[in-house]
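Asks: Take a look at the following structure, please.
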Amino acid sequence: MKKNADAFQPWSSWAKSKGLQALPTTGHELALYSAFLIKSAKSMATIYTAVYGIAWADQKMSMASPTEHPIIKQMMEVSKRIIQTKPKNPKRPLDLEHIKTIIGKFASGDLSNLKTVCLVVLGFSGFLHWERLRRKDLEFEREYMTVFLERGKNDQYREGSWILIARTSNPTCPVHLLEKFLPKGRHSPSDFVFRKISHTANGMSLRRQKMTYSRARELFSKQLKEIGLDPSLYGLHSLQSGGTTEAAAWGIPERLIQRHGGWRSEVSMNTYIQETKMHFKSIKKSLTWNSGWPWDC
């Protein structure tokens, strides 16, 4: 009852501001109020709460419910379509300087920090999700590292695919960081790369269980906060978006970005790319599929 009463009060104030009577409520007036709410509503819960709160007040006064009016039923359907197609507020992409700062601050830290750093560099340089990766999916060569993905969005036959990440001579190299992390984690071939951590008297060690997405996000947010970024503005998808945006900024062909990230279409890929000043500078780097995209930190 209190919820309905609370929903009625905003309608009463809005109606008064428009020179309308709050009660009885007509279908046309309620439709206008619904249209007003759509502008700021993030979900249909806002519309439902308002409409049924107003209907409750009418019924308490022994008046006909305005929800029975045909225009309200139509308005509810329209509201669903409008709210569902509203553009989301995507998280900001993480840029290369942010990645360098994270690596510089945390790569020499404890096992937990190093694990998070490796998750960050793989997400950024490989445009990939980390949840299903196992130790056996990673192979190290002299000039690059290969990552086997069991399946991808563009893998029509579910045969899996390989992506390549170039090795560099810099301490910020993703390949170097993974080679540093895996021995410390004592991974066996079947182990997940990113797992939960146990704290013992002898220090930290990786457990058998895979790390959860929520825990990964928590650790990632903690590192962002420590380098002075607002964690609410970034998410784990910021890694894919940042890496993809960086690659596009350097003029890497879209077909290679699409293949590297495993997107089925250019439309899907383009949702991750945000325009930066780099798009308007001369292209200084290029990528060939044989060497992976240029992680030249």
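The values are calculated or read from the model by the stated rules, or taken from the named source; none is laboratory data. Since this is a predicted model, take the numbers as computed values, not measurements. FYI the Cβ positions are ideal-geometry reconstructions off the backbone, even for glycines, and counts take in every protein chain you see. What goes into the accessible areas is simple: the full protein's heavy atoms, side chains included, and nothing from ligands, DNA or RNA. Shrake-Rupley method; radii C 1.70, N 1.55, O 1.52, S 1.80 Å.
Asks: Output the number of residues of the stretch 214-251 satisfying the condition of being of a type in the set (Gly, Ala, Ser), in a loop (DSSP other than H, G, I, E, B) and open to solvent by 40 Å² or more (accessible area, probe 1.4 Å). Give the steps one after another, and end with the answer.
Replies: Step one: list which residues in the stretch 214-251 are of a type in the set (Gly, Ala, Ser), which gives 214, 216, 221, 228, 232, 235, 238, 241-243, 247-249, 251.
Subsequent filtering for residues that are in a loop (DSSP other than H, G, I, E, B) retains 228, 235, 251.
With open to solvent by 40 Å² or more (accessible area, probe 1.4 Å) added as a condition, the list becomes 228.
Here the count works out to 1.
Asks: Does Glu254 satisfy the criteria of being modelled with pLDDT of 90 or more, out of contact with any Phe, Trp or Tyr (no Cβ under 6 Å at 6 or more places or on another chain) and not basic (Lys, Arg)?
Replies: When the stated conditions are applied, Glu254 does not pass them.
Asks: Of the residues that make up the stretch 193-203, is at least one at pLDDT 90 or above, open to solvent by 20 Å² or more (accessible area, probe 1.4 Å) and out of contact with any strand residue (DSSP E or B) (no Cβ under 9 Å at 6 or more places or on another chain)?
Replies: no
Asks: May I pose another question? Report, by residue number, each residue of the stretch 25-49 that is crowded, with 17+ Cβ neighbours inside 10 Å and among the aromatic types (Phe, Trp, Tyr).
Replies: Of everything in the stretch 25-49, just one residue is crowded, with 17+ Cβ neighbours inside 10 Å and among the aromatic types (Phe, Trp, Tyr), namely Tyr33.
Asks: If we keep just the residues of the stretch 106-130 that are under 12 Å from Met211 (Cα atoms) and more than 14 Å from the chain's Cα centre (by Cα), which is surrounded by the most Cβ atoms within 10 Å (Cβ to Cβ)?
Replies: Residue satisfying both the conditions and the ranking: Lys115.
Asks: What residue, of Lys80, Lys60, is in contact with a helix residue (DSSP H, G or I) (Cβ under 8 Å, 6 or more places away or on another chain), basic (Lys, Arg) and more than 30 Å from Thr244 (Cβ to Cβ)?
Replies: Of the residues listed, the single one that is in contact with a helix residue (DSSP H, G or I) (Cβ under 8 Å, 6 or more places away or on another chain), basic (Lys, Arg) and more than 30 Å from Thr244 (Cβ to Cβ) is Lys80.
Asks: Just wondering, is there one or more residues in the stretch 57-64 that are within 40 Å of the chain's Cα centre (by Cα), in contact (Cβ under 8 Å) with a residue 24 or more places away in the chain and not in a loop (DSSP other than H, G, I, E, B)?
Replies: There is no residue in the stretch 57-64 that is within 40 Å of the chain's Cα centre (by Cα), in contact (Cβ under 8 Å) with a residue 24 or more places away in the chain and not in a loop (DSSP other than H, G, I, E, B).
Asks: Take the residues in the stretch 159-168 that are surrounded by fewer than 18 Cβ atoms within 10 Å (Cβ to Cβ) and in contact (Cβ under 8 Å) with a residue 40 or more places away in the chain; name whichever of them is nearest to the chain's Cα centre (by Cα).
Replies: In this case the residue turns out to be Ser161.
Asks: Among Leu119, Leu114, Leu94, which is the only one that is of a type in the set (A, V, I, L, M), in a loop (DSSP other than H, G, I, E, B) and under 30 Å from Val175 (Cβ atoms)?
Replies: Checking each option against the conditions leaves just Leu94.
Asks: Here is a follow-up. Take the residues in the stretch 138-149 that are open to solvent by less than 20 Å² (accessible area, probe 1.4 Å) and of a type outside the set (Val, Ile, Thr); name whichever of them is nearest to Ile197 (Cα to Cα).
Replies: Leu138
Asks: Considering every residue within the stretch 169-191, establish whether at least one is under 24 Å from the mean Cα position of the chain (by Cα), part of a strand (DSSP E or B) and under 17 Å from Thr116 (Cβ atoms).
Replies: Within the stretch 169-191, none of the residues are under 24 Å from the mean Cα position of the chain (by Cα), part of a strand (DSSP E or B) and under 17 Å from Thr116 (Cβ atoms).
Asks: Looking at the structure I just gave you, is Glu77 exposed (fewer than 13 other Cβ atoms within 10 Å of the Cβ) and in a helix (DSSP H, G or I)? Write out each step before concluding.
Replies: Values: exposed (fewer than 13 other Cβ atoms within 10 Å of the Cβ): yes; in a helix (DSSP H, G or I): yes.
Taking the combined requirement at face value, the residue satisfies it.
Asks: Right, next: Six or more apart or on different chains, Cβ under 7 Å: which pairs go from a residue in the stretch 66-92 that's under 15 Å from Tyr33 (Cβ atoms) to one that's at pLDDT 80 or above and open to solvent by 90 Å² or more (accessible area, probe 1.4 Å)? Could you list them?
Replies: Close Cβ pairs (under 7 Å, with a partner that is at pLDDT 80 or above and open to solvent by 90 Å² or more (accessible area, probe 1.4 Å)) amount to Ile71/His28.
Asks: What do you reckon, is Lys210 farther than 20 Å from Ser125 by Cα, surrounded by 14 or more Cβ atoms within 10 Å (Cβ to Cβ) and at pLDDT 90 or above?
Replies: Judged against the criteria, Lys210 is a match.
Asks: Inspect the stretch 83-91 for any residue being open to solvent by 100 Å² or more (accessible area, probe 1.4 Å), of a type in the set (D, E, K, R) and at pLDDT 80 or above and give the result as yes or no.
Replies: no
Asks: Sticking with this one: Provide a single number: the residues in the stretch 1-24 that are out of contact with any Gly (no Cβ under 8 Å at 6 or more places or on another chain), open to solvent by less than 30 Å² (accessible area, probe 1.4 Å) and in a helix (DSSP H, G or I). I'd like the intermediate steps shown before the answer.
Replies: Step one: filter the stretch 1-24 for residues out of contact with any Gly (no Cβ under 8 Å at 6 or more places or on another chain), giving 1-2, 9-10, 12-24.
This time we only want the ones that are open to solvent by less than 30 Å² (accessible area, probe 1.4 Å), so: 15, 22.
Now narrow it down to the ones that are in a helix (DSSP H, G or I): 15.
Residues that pass the stated criteria total 1.
Asks: Moving on to the next point. Look at the stretch 122-144 and say how many of its residues are part of a helix (DSSP H, G or I) and in contact with a strand residue (DSSP E or B) (Cβ under 9 Å, 6 or more places away or on another chain).
Replies: 6
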